[in-house]
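Enquirer: Before we start, here is the structure in question, set down as structure tokens.
Any read-out appearing in this document is the output of simple, stated calculations on the displayed coordinates, not a laboratory observation. On a predicted model such as this, the values are computed, not experimentally measured, just so you know. Cβ sites come from the backbone with ideal geometry, for glycine too, and all protein chains shown count toward neighbours.
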Amino acid sequence: MNSKNKSVPPRYVMAILLIGFCVLSAVTLVGAYQAKKALPPYVGKQLTEAEMNEVIARNSPFTSYVHLSPNADFPRESEITKITIHHMGADLTLERLGESFAKRDRNASSNYGIDRNGSVALYVEEANRSWASSNAENDHMAITIEVANETIGGDWRVSEASYQALIELCADICRRNGIHQLEYTGDAGGNLTTHNMFRKDTECPGPYLEGKMAEIAEAVNQKLSDSRE
Ligand SMILES: [Zn+2]
């Protein structure tokens, strides 16, 4: 028998090399992709009280609960110059909203949440961009806040405790980020914006909060001017 017939034909060698190359390339690409998608520390994890306090120290001191969502861009690409107010469209506890934002397939988050008792949670650190307002440009510039609803449907009211906490939180965000004044213009030109300015088919922030926007800006500006005196 001719010994040549026993050797592996060159085209098989080529095929094996090609397959090997493809597998290696795929592994390298997946590795690079995962490295790029690697989340910062504390994101997507249950935090201890000490860890929560460490995170709160670089965000609003009004925060009492932290559950950092992976649904965010790390870090944000613009300076913080705006605040965007949302309603939850529900009356969730801070923990429940955190669980919801923890689901990657939900593709949603906000920087802060306020429950009906006026307690504040942090889901996306201020340094990072939340996925809240259906508008990347706005969310890179804005701190976004979800407020629990006291009534579901209709006017989508929020409680007095939530409302007061919202004013305090907005004033604190402005002070720490050098926003001298909040201006509500009713459109995306002001620095107090709402979700429905960017997405026409949402009820968010609901008639109740939307009707309060000018009042919110005024109350926050009063607090800012008081603290400058
Ligand atoms: Zn919204």
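Enquirer: Which trypsin sites (Lys or Arg not before Pro) in region 155-229 sit in a loop by DSSP (not H, G, I, E or B) and have at most 16 other Cβ atoms within 10 Å of their own Cβ?
Expert: Here the sparse-neighbourhood loop sites are 199, 200.
Enquirer: Please report, in debye to the nearest 20, how large the charge dipole of region 176-229 is about its Cα centre when each Lys and Arg carries +1 at its beta carbon and each Asp and Glu carries -1 there.
Expert: That gives region 176-229 a dipole magnitude of about 200 debye.
Enquirer: As a test of the formula, what do you get for the chain when each DSSP H run with n ≥ 4 contributes -39,500 (n - 2.57) and the sum is divided by the residue count, at 222 nm and rounded to the nearest 500 deg cm²/dmol?
Expert: Computed ellipticity for the chain at 222 nm equals -13000 deg cm²/dmol.
Enquirer: Okay, moving on. Could you pull out the pairs from 103/200; 82/212; 200/223; 82/223 whose alpha carbons sit more than 27 Å apart here?
Expert: Going by Cα-Cα distance, 200/223 fall outside the 27 Å limit.
Enquirer: With everything on Cα atoms, drop me the angle between helix 160-177 and the longest principal axis of the chain, reported from 0 to 90° to the nearest 10.
Expert: Taking Cα atoms only, the helix is inclined about 70 degrees.
Enquirer: Using the Cβ atoms and a cut-off under 14 Å, what net charge is assigned to the surroundings of residue 178, where Lys and Arg are +1 and Asp and Glu are -1?
Expert: Net charge around residue 178: +1.
Enquirer: Cα-Cα pairs above 33 Å in the chain: how many percent?
Expert: Roughly 27 percent, rounded to a whole number.
Enquirer: Same structure again: If you take every residue apart from residue 191 with its C-beta less than 12 Å away from the C-beta of residue 191, what net charge results, scoring Lys and Arg +1 and Asp and Glu -1?
Expert: Charge balance in the 12 Å sphere: -2.
Enquirer: Could you work out the local net charge near residue 75, counting Lys and Arg as +1, Asp and Glu as -1, over the other residues with Cβ closer than 9 Å to its Cβ?
Expert: -1
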